[in-house]
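The values are calculated or read from the model by the stated rules, or taken from the named source; none is laboratory data. Quick caveat: nothing in here was measured; it's all calculated off a predicted structure. Note that each Cβ is placed from the backbone with ideal geometry, even for glycine, and that neighbours are counted across all protein chains shown. The accessibility values were calculated without ligands, DNA or RNA, using every heavy atom of the protein model including side chains. Shrake-Rupley method; radii C 1.70, N 1.55, O 1.52, S 1.80 Å.
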Amino acid sequence: EPARLVATDIAHAIPLALCAGLGHLAISQVDLPLLGDLLAGSVPAALAGTVLSGRMPQHWLRGALGVVLLAVG
């Protein structure tokens, strides 16, 4: 089920991002303006994705995930 895939992906991404962020913070390589910009875009997008993945038909969600994965790859 694609909605479950989205939830699992988010559950894995949060600890990964936290560990990476703490590592950069430990070596004082955090660009705070860039971090603010990333959070300003990613938090609303994650919330919108969560809402949409529960309401979207599965075949559309599968297609959207495929397009995003191809674009990222």
Collect the residues in the range 29-43 that are open to solvent by less than 80 Å² (accessible area, probe 1.4 Å) and of a type outside the set (A, V, I, L, M, F, W, C), keeping them in residue-number order.
G36, G41, S42
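Of the residues A17, A46, A11, A26, which single one is under 19 Å from the mean Cα position of the chain (by Cα) and surrounded by fewer than 11 Cβ atoms within 10 Å (Cβ to Cβ)?
Being under 19 Å from the mean Cα position of the chain (by Cα) and surrounded by fewer than 11 Cβ atoms within 10 Å (Cβ to Cβ) holds for just one of A17, A46, A11, A26, which is A11.
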